[in-house]
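The values are calculated or read from the model by the stated rules, or taken from the named source; none is laboratory data. What you see is a predicted model, and the numbers here were worked out from it, not measured in a lab. FYI the Cβ positions are ideal-geometry reconstructions off the backbone, even for glycines, and counts take in every protein chain you see. Keep in mind that these areas ignore ligands, DNA and RNA; they rest on the heavy atoms of the full protein, side chains included. Shrake-Rupley method; radii C 1.70, N 1.55, O 1.52, S 1.80 Å.
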Amino acid sequence: MRKVLFCCLILTATMPVHARSTMAPAPVDLATARASMVGAWQGTLEYRDYTADRWFSIPVRTQIAEQGDGATMIRSSDFDDGPTVGNVRITSVELFDPAAGTVSVGTFRKGRVAEVTTYAIRIAPGSRDATHWTIVEEAEGSDDDRPATLRLTTVRDGDTVETLKEVDFLDDDAAQWLVRNRTRLTRTSE
């Protein structure tokens, strides 16, 4: 018996590393994917003006900080809204609840009433590691002063991230997702 065990140990030790495990690594989980966003990012916010039916783009710089509990993050974004408006800072505090499958987001902006929205959050199939994943968040809320279901789809591909905001207005009979805005960010060295 000892000889068989010894031979098995020798064979295992001499096998190539990739052949030792037949199990694929577990796909990335929500906590890991969210934590991978910590750091500095820059890019653009592109938004659709429903009246003009045109896309507008403004630069954005974002800093994301984890708060040490694995659940709370603070995101500060500076949007350059041109010479008339100037810099617009939006700060959000996010609290992730893995047991409930939700993230509550409090959004704060000078001159506006603070908002808190709780999204159902899930990681999409095909997400494979901390820098290649898709997260989908959905909540009931409002957009363009109309009741709507909000959907945020965030796709991370290496050092780039794109978040697409879509809305489905609830005050009509159509079940139709309209693209509202998208943020495209690239990790910076700050």
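Worth a mention:
- For the range 169-190, taking the residues that are modelled with pLDDT of 90 or more and over 27 Å from M37 (Cα atoms), the one that is least open to solvent (accessible area, probe 1.4 Å) is identified as F169.
- Looking across the range 73-90, just one residue is among the hydroxyl-bearing types (S, T, Y) and crowded, with 16+ Cβ neighbours inside 10 Å, and that is S77.
- Qualifying residue in the range 116-125 (condition: over 17 Å from I64 (Cβ atoms), over 18 Å from the mean Cα position of the chain (by Cα) and surrounded by 13 or more Cβ atoms within 10 Å (Cβ to Cβ)): no
- Note on the range 135-159: residues that are surrounded by fewer than 17 Cβ atoms within 10 Å (Cβ to Cβ) and in contact with a Gly (Cβ under 7 Å, 6 or more places away or on another chain) total 0.
- Odd one out for I58, checked against (1) modelled with pLDDT under 95; (2) at negative phi; (3) in a loop (DSSP other than H, G, I, E, B): (3)
- Matching residues in the range 158-176 - criterion: being within 22 Å of the chain's Cα centre (by Cα) and among the small types (G, A, S): G158
- Of the set (1) open to solvent by less than 40 Å² (accessible area, probe 1.4 Å); (2) over 25 Å from A99 (Cα atoms); (3) touching an Asp or Glu at 6+ places or on another chain (Cβ under 8 Å), all apply to E166 but (3).
- Taking the criterion of being open to solvent by 50 Å² or more (accessible area, probe 1.4 Å), in contact with a Ser or Thr (Cβ under 9 Å, 6 or more places away or on another chain) and among the charged types (D, E, K, R), the residues of the range 30-72 that qualify are R61, E66.
- Residues satisfying the stated conditions in the range 38-75, i.e. touching a residue at least 12 places away in the same chain (Cβ under 8 Å), under 28 Å from W177 (Cα atoms) and acidic (D, E): E46
- Test set (1) modelled with pLDDT of 95 or more; (2) in a strand (DSSP E or B); (3) open to solvent by 50 Å² or more (accessible area, probe 1.4 Å) - A100 fails condition number: (2)
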